[in-house]
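Novice: A single structure is presented below for examination.
The values are calculated or read from the model by the stated rules, or taken from the named source; none is laboratory data. Remember, predicted model here, so these are calculated numbers, not experimental data. Here the Cβ is made from the backbone with ideal geometry for all residues, glycine too, and neighbour counts use every protein chain on show.
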Amino acid sequence: MKLYDSLRAPNPRRVRWFLAEKGAEAEGQVEIIDVSIFGGEHRQPEYLAKAGLANVPMLEMDDGTAVTESVAICRYLESVFPEPNMFGRDPRETAIIEMWARRAEMMLATPLMMTVRHSHPALAALEKQIPEIAETNRAGATRSLKVFDRRLGESEFIGGDRVTIADILAACSIDFSRMAKFAVPDEMANVKRWYAAMMARPAALAGTVAA
């Protein structure tokens, strides 16, 4: 398998982190190919012919099938490398993890990515930045952290008693938001405890995002 990756983007990092949690065997079966977003490599005809959209990451399976969207890629990798389980062991657990994964995407990942995209100077080369969009999304993400703080007051990790895809989605988003000088407020003690634990995991080093 080939994973088309970009070290500076948050979504590819989700997959790298997920693979690292799966272990050396899984990582050894996936070839990492760097794609330069600033160089426009994800918009080249050869890449688009495989991916269909100018999206990174993309996983190219051994039979040539190509899949984009980071969570879809992780679901496929989960089926190939089922342990440690990160999407749910039974219907109840799977539903809970899916619920929190969706919340992590909609309530944290999306607003934090929009905050960075519309405030970091380097990204002005990729799109027209609107400061009001950055500030609105920053405020929304800060409010959403209260939901996660309550959850993490009753659970060690977001999805349950172990690291799951929900934790990876949330941790990657918060770490990426450092580029916009976003930080978890001190009063969110449960989120800060969880975030420190996530960033201390060896798998967190599977490609970092520069501030």
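Novice: Given the conditions (1) free of Cβ contacts under 8 Å to residues at least 40 places away in the same chain; (2) over 25 Å from H118 (Cα atoms), which single one is not true for Y195?
Specialist: For Y195, the exception is condition (2).
Novice: Does at least one position in the stretch 132-152 carry a residue that is charged (D, E, K, R), closer than 30 Å to E27 by Cα and without any contact (Cβ under 8 Å) to a residue 12 or more places away in the chain?
Specialist: Going through the stretch 132-152, the residues charged (D, E, K, R) turn out to be 132, 135, 138, 143, 146, 149-151.
If we keep only those that are closer than 30 Å to E27 by Cα too, we end up with none.
For the stretch 132-152, residues charged (D, E, K, R), closer than 30 Å to E27 by Cα and without any contact (Cβ under 8 Å) to a residue 12 or more places away in the chain: absent.
Residue by residue, here is whether (1) in contact (Cβ under 8 Å) with a residue 40 or more places away in the chain; (2) not assigned by TED's automatic domain parsing to the domain that holds Y195 holds:
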site: A49; (1), (2): no, yes
site: M61; (1), (2): yes, yes
site: E98; (1), (2): no, no
site: M114; (1), (2): no, no
site: P121; (1), (2): no, no
site: L126; (1), (2): yes, no
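Novice: Which condition number does P57 fail, the rest of (1) touching a strand residue (DSSP E or B) at 6+ places or on another chain (Cβ under 9 Å); (2) exposed (fewer than 13 other Cβ atoms within 10 Å of the Cβ); (3) within 28 Å of G160 (Cα to Cα) being met?
Specialist: Looking at each condition in turn, P57 falls short on (2).
Novice: Which one is surrounded by the most Cβ atoms within 10 Å (Cβ to Cβ), of the residues in the stretch 112-159 that are hydroxyl-bearing (S, T, Y) and closer than 19 Å to F176 by Cβ? Let's see the steps before the verdict.
Specialist: Initial filter on the stretch 112-159 (hydroxyl-bearing (S, T, Y)): 115, 119, 136, 142, 144, 155.
Those still in the list that are closer than 19 Å to F176 by Cβ too: 115, 119, 136, 142, 144.
Working: T115: 27, S119: 22, T136: 15, T142: 17, S144: 19.
Restricting to residues being hydroxyl-bearing (S, T, Y) and closer than 19 Å to F176 by Cβ, the top hit is T115.
Novice: Return a yes/no flag: does the stretch 80-93 have any residue that is among the charged types (D, E, K, R) and either surrounded by 15 or more Cβ atoms within 10 Å (Cβ to Cβ) or touching a strand residue (DSSP E or B) at 6+ places or on another chain (Cβ under 9 Å) (or both). Spell out how you get there, then give the answer.
Specialist: Going through the stretch 80-93, the residues among the charged types (D, E, K, R) turn out to be 83, 89-90, 92-93.
Remaining after also requiring either surrounded by 15 or more Cβ atoms within 10 Å (Cβ to Cβ) or touching a strand residue (DSSP E or B) at 6+ places or on another chain (Cβ under 9 Å) (or both): 93.
For the stretch 80-93, residues among the charged types (D, E, K, R) and either surrounded by 15 or more Cβ atoms within 10 Å (Cβ to Cβ) or touching a strand residue (DSSP E or B) at 6+ places or on another chain (Cβ under 9 Å) (or both): present.
Novice: What pairs come out if I take residues in the stretch 75-88 that are closer than 18 Å to M1 by Cβ and pair them with residues that are hydroxyl-bearing (S, T, Y) and surrounded by 12 or more Cβ atoms within 10 Å (Cβ to Cβ) whose C-beta lies under 6 Å away, six or more apart or interchain?
Specialist: Final answer for the pair search is M86/T164.
Novice: Could you list all residues from the stretch 137-177 that are farther than 13 Å from M188 by Cα and assigned to a loop (DSSP other than H, G, I, E, B)?
Specialist: E154, S155, E156, F157, I158, G159, G160, D161, R162, V163, T164
Novice: Something else about it: Considering only residues that are among the aromatic types (F, W, Y) and not in a strand (DSSP E or B), look in the stretch 1-46 and name the one that is farthest from E127 (Cα to Cα). Step through it out loud before you land on a result.
Specialist: Here is the first cut: in the stretch 1-46, the residues among the aromatic types (F, W, Y) are 4, 17-18, 38.
Now drop any that are not not in a strand (DSSP E or B), which leaves 17-18, 38.
Values: W17: 27, F18: 29, F38: 11 Å.
For the stretch 1-46, the residue satisfying everything is F18.
Novice: Can you pull out every residue in the stretch 158-187 that is more than 18 Å from P111 (Cα to Cα) and not hydroxyl-bearing (S, T, Y)? It would help to see each step written out before you state the result.
Specialist: Within the stretch 158-187, the first condition is being more than 18 Å from P111 (Cα to Cα), and the residues that meet it are 158-165, 186-187.
The answer is I158, G159, G160, D161, R162, V163, I165, D186, E187.
Novice: Mind telling me which of the residues A95, A49, A101, A122 ends up being under 24 Å from L19 (Cα atoms), small (G, A, S), over 14 Å from the mean Cα position of the chain (by Cα) and assigned to a helix (DSSP H, G or I)? Spell out the reasoning first.
Specialist: Values: A49 fails: under 24 Å from L19 (Cα atoms); A101 fails: over 14 Å from the mean Cα position of the chain (by Cα); A122 fails: under 24 Å from L19 (Cα atoms).
That would be A95, the only listed residue that is under 24 Å from L19 (Cα atoms), small (G, A, S), over 14 Å from the mean Cα position of the chain (by Cα) and assigned to a helix (DSSP H, G or I).
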